[in-house]
Amino acid sequence: MSSVFENAQGVYYAANAVDGLVADNSRWLADPSSTQPNTIEAKLVSPHRVGSLHVYSGFQNGSSVSDPLADFNVEFYDGTDWISAPISSVSSGTATGNSVTGNTSAELVVNFSEVVAIENVRLTFDQNYGRIRELVVLPRTNSNESEAGFPLGTSVQRAAKPDTQFAEFGDAWFRIAARGSSDVLVASEAGVTQTDSGNLLLQESRFQLLYSYALDAYRIRNRVSGRALEVENASLLSGAAIVEGEYSAAPHQLWRLETTDSGYYQLINVWSGMAIQTSGGSSAELTQQSVDTSTNPINQQEWKPFFRDDYFKKGTGGWVGSYGTGWAYNWNRSDPDLPVDQFYVPMQHRAGWPDFSTLHTKYGDWHRDVKPSYFLGFNEPDRPEQANMTVERALELWPRLENLDLPLISPVPATINASNTWLATFMDDADQLGYRTDYGAAHWYAGPNVGSVFNRVDAAQDASNGRDVWLTEFSVVDWSGGSGNWTEEDIQSFILEFL
């Protein structure tokens, strides 16, 4: 999704209008202070003849949706010029030419007569606080068209996400210190307070900052309890206590990190809009208070994450027993045999398996899990007996994986070298299209040479345009069918040096 004017208010970015979620917390909200008319534009990945446009607008007001987009114009870009969209009918209101007036439906269907293939769809309107919860573009459904029925709204080019990225804090534990006193947050079953910063070994003062792409906010999870910071009883009142709660997707457990200076942030609750504030000193009470919006906010509202140590990075392909690892994956979306102290990383192995039509059913499970969630892309797409996919096909399907709102690991080819540029081509094209890929990936199989492994990882990082790399398969192997010119001791030395 891209917009002619990125005139969003707050965090309600244009990308929210095509993320597959029809929800208030995932909508585009036009900035009423911007120059009228407001404009939002959906750019399709490839030209299509468009049959209809579904416009989900307004906002949730109790059991109903209020203030839908009443009047707007629709235009198409045919690759050369913007043209008026030939609207044939609407499910609410009146259609005249390319204009819709008098709409009262929060789920409006706009039908078009046949047109040539188009590349972009644009809506313009003058309504202040115009809210679009989702745009879904559908192709024409003539019986002789193979493209019929697929929602093009899931395959559009998106505007850039906010500057905040998952990797900003990533797989690590942090101590979160107050400005001035440097006392740190500490959480336990007894509550959330501060403690003296001198006790560096106190595990209750270690937190993960787990980023949600869908909401551009963090859950702050304690290392010992596995619980997350929240506002007590989801209160909207100033002075409400900051406590721990069972990890969930509830908005009073989500925090936005607003930069002040020198690496400090205000921790602002998504639900209440208030900031965590300390009363000062060791064992001080923590409450939510109105955000100090001055250029130099009070120290009691400023916090800084200090890195302490990494989260487990070693995992296993399939569960084969504990080897000091923290996670495991397979070529599927679950592993019922995985112990509770391990976290699971699902994969979309290829285009046809696991079934894409059931992918959305796992969204809630992965987002409610107290353990970190990532998602692995297609497995060895450059091999016929594995994913067997062209770069173009992988890019066509990639937005569906983006809609999971999980950190994404790229497809992993079997080979990365000058003669096999599958990964580099995918990453370059995905970056150009504005698609999100958070990590690169690599496999390695060869003789016991640590330098060879690092060369493969370096090649994957270069092909991934500098991203960190997941090495998801590696083993000493002799592809000639022999046992290689190395001993068991050589292999043991290799493993010890590499790990």
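The values are calculated or read from the model by the stated rules, or taken from the named source; none is laboratory data. Nothing here was measured: the structure is a model prediction, and the numbers come from that model. Using ideal geometry, Cβ is built from the backbone for each residue, glycine included, and neighbour counts are taken over all protein chains shown.
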*Does PRO411 satisfy the condition of being within 25 Å of TRP319 (Cα to Cα), in contact with a Pro (Cβ under 6 Å, 6 or more places away or on another chain) and in the same structural domain as GLY364 (by TED's automatic domain parsing)?*
yes
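So that you can scan it fast, the table gives a plain yes or no per residue for (1) assigned by TED's automatic domain parsing to the domain that holds LEU44; (2) touching a residue at least 24 places away in the same chain (Cβ under 8 Å); (3) in contact with an Asp or Glu (Cβ under 7 Å, 6 or more places away or on another chain); (4) of a type in the set (S, T, N, Q):
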{"site": "ALA328", "(1), (2), (3), (4)": "no, no, yes, no"}
{"site": "ALA351", "(1), (2), (3), (4)": "no, yes, no, no"}
{"site": "ASP365", "(1), (2), (3), (4)": "no, no, no, no"}
{"site": "LEU423", "(1), (2), (3), (4)": "no, yes, no, no"}
{"site": "MET427", "(1), (2), (3), (4)": "no, yes, no, no"}
*Using the structure shown, decide if TYR211 is hydroxyl-bearing (Ser, Thr, Tyr), at pLDDT below 75 and assigned to a strand (DSSP E or B).*
yes
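One line per residue, one yes/no per condition, for (1) acidic (Asp, Glu); (2) modelled with pLDDT of 90 or more; (3) surrounded by fewer than 19 Cβ atoms within 10 Å (Cβ to Cβ):
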site	(1), (2), (3)
SER238	no, yes, yes
GLY245	no, no, yes
ALA249	no, no, yes
TRP255	no, yes, no
GLY263	no, no, yes
ASN269	no, yes, no
ALA275	no, yes, no
*In the list VAL469, VAL457, which residue meets the criterion of being under 18 Å from THR421 (Cα atoms), in contact with a strand residue (DSSP E or B) (Cβ under 8 Å, 6 or more places away or on another chain) and without any contact (Cβ under 8 Å) to a residue 24 or more places away in the chain?*
VAL457
_I'm trying to understand the selection: among the residues of segment 47-77, which are closer than 17 Å to GLU119 by Cα and among the aliphatic types (A, V, I, L, M)?_
VAL50, LEU53, VAL74
*Could you give every pair whose Cβ atoms fall below 6 Å, whose first residue belongs to segment 297-308 and is aliphatic (A, V, I, L, M), and whose second residue is at pLDDT 90 or above, counting only separations of at least 6 or pairs across chains?*
ILE298/ASP292
*For segment 337-346, indicate whether the set of residues that are in contact with a Phe, Trp or Tyr (Cβ under 9 Å, 6 or more places away or on another chain), surrounded by fewer than 17 Cβ atoms within 10 Å (Cβ to Cβ) and at pLDDT below 90 is non-empty.*
yes
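Per-residue answers, yes or no, for (1) crowded, with 20+ Cβ neighbours inside 10 Å; (2) under 30 Å from the mean Cα position of the chain (by Cα); (3) small (Gly, Ala, Ser):
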position: LEU44; (1), (2), (3): yes, yes, no
position: HIS54; (1), (2), (3): no, yes, no
position: GLY62; (1), (2), (3): no, yes, yes
position: VAL65; (1), (2), (3): no, yes, no
position: PRO68; (1), (2), (3): yes, yes, no
position: VAL74; (1), (2), (3): yes, yes, no
position: SER88; (1), (2), (3): no, no, yes
_Selected residue [closer than 19 Å to ASP126 by Cα, touching a residue at least 60 places away in the same chain (Cβ under 8 Å) and not in a loop (DSSP other than H, G, I, E, B)] from VAL55, VAL74_ = VAL55
